[in-house]
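So the structure is just underneath, and the comments pick up after that.
Readers should treat all values here as calculations from the given coordinates under stated rules, not as data from a laboratory. Predicted model, so just to flag it, every value in this text is computed and none were measured. Cβ placement follows ideal geometry from the backbone for every residue including glycine, while neighbour counts extend to all protein chains displayed.
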Amino acid sequence: QGAPTADGAAARSAASTGAVLPGDPSPVVTSLVPYAFDLLDSRSGYPAGIRDPRWQQAVFGAGGDPELLHDAAAGAITRVCRELRAAGHTAGTGEARETLRVACDLARLRGLPAPGRGEILEAVTVVLGQGEPLGRGRALARALEVVLVGT
């Protein structure tokens with residue numbers, strides 16, 4: 001019934017209004033809000049969203065280690081090639097390796113320790129896009145969405 005006081009009135013008053021006194025257990029209301037990477041992407045219409053949340057998670061997980069960032073870039077490029085193959089386009093290990101090489105070269109030219117999102121996008125466009133804005137270009141855009149956004 002609340003904390004003891006000299007006359008007990010304050011404690012009864014606090015208890016009757018639902019106020020929580022120090023030391024009293026308080027009710028906790030918890031809500032779980034489901035989310036998915038594609039909903040967190042800024043292009044989905046979410047005003048506080050970020051670009052390419054799956055890639056951003058990989059960068060965060062690398063913790064600034066250039067070797068881990070390089071590995072994240074290699075993994076992303078490999079998954080893009082896998083998505084392209086699933087869509088019926090050729091994208092083998094040679095293309096994946098060349099895409100990573102171009103991304104790393106761009107990073108070095110820009111004085112970066114490892115390729116980032118921009119270098120990956122440029123390398124993928126140059127090597128895997130093959131100048132085709134329609135068929136292969138659309139398949140590449142879809143593959144990038146799956147890999148970088150996380151749809």
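Per-residue 3J(HN,Hα) values for region 88-103, derived from phi via the Karplus relation 6.51 cos²θ - 1.76 cosθ + 1.60 with θ = phi - 60°, read x, 9, 7, 6, x, 5, x, 5, 5, 5, 5, 5, 5, 4, 5, 4 Hz in sequence order (x marks Gly and Pro).
Coupling constants for region 129-135 follow from the phi torsions by the Karplus curve (6.51 cos²θ - 1.76 cosθ + 1.60, θ = phi - 60°), and in residue order they are x, 6, x, 9, x, 9, x Hz; glycine and proline get x.
Please give the calculated 222 nm ellipticity per residue for the chain, where each DSSP H segment of at least 4 residues contributes -39500 (n - 2.57) and the sum is spread over every residue; nearest 500 deg cm²/dmol? Numbers along the way, then the final one.
Working: 7 runs with 78 residues, N = 151.
Result for the chain: -15500 deg cm²/dmol, rounded to the nearest 500.
Along region 40-47 the Karplus relation, 6.51 cos²θ - 1.76 cosθ + 1.60 evaluated at θ = phi - 60°, assigns HN-Hα couplings of 7, 5, 4, 7, 7, x, 6, x Hz to successive residues, with x for each Gly and Pro. Per-residue extension of 0.36 nm, minus the Cα-Cα distance of ARG82 and LEU112, leaves a gain of 8.1 nm for this segment. Once both axes come from the Cα atoms, what is the angle between helix 53-62 and the longest principal axis of the chain, in degrees from 0 to 90, rounded to 10? Tilt relative to the chain: about 90 degrees. A simple spin-label model places the labels of LEU32 and ASP105 4.9 nm from each other, with each point 7 Å out along Cα-to-Cβ.
Were the residues from LEU39 through THR90 laid out at 0.36 nm apart, the gain over their Cα-Cα distance would be 15.4 nm.
Nothing charged except the Cβ atoms of Lys and Arg (+1) and of Asp and Glu (-1): what's the magnitude of the dipole of region 37-149 about its Cα centre? Round to the nearest 20 debye.
Values: 14 positive and 14 negative charges, 43 e Å.
The calculation lands at about 200 debye.
Which three numbers, in whole Å and largest first, are the semi-axes of the equivalent ellipsoid of the chain derived from its Cα gyration tensor as √(5λ)? Walk me through the intermediate numbers first.
Values: eigenvalues 580, 66, 26 Å².
Equivalent ellipsoid of the chain: 54, 18, 11 Å, largest first.
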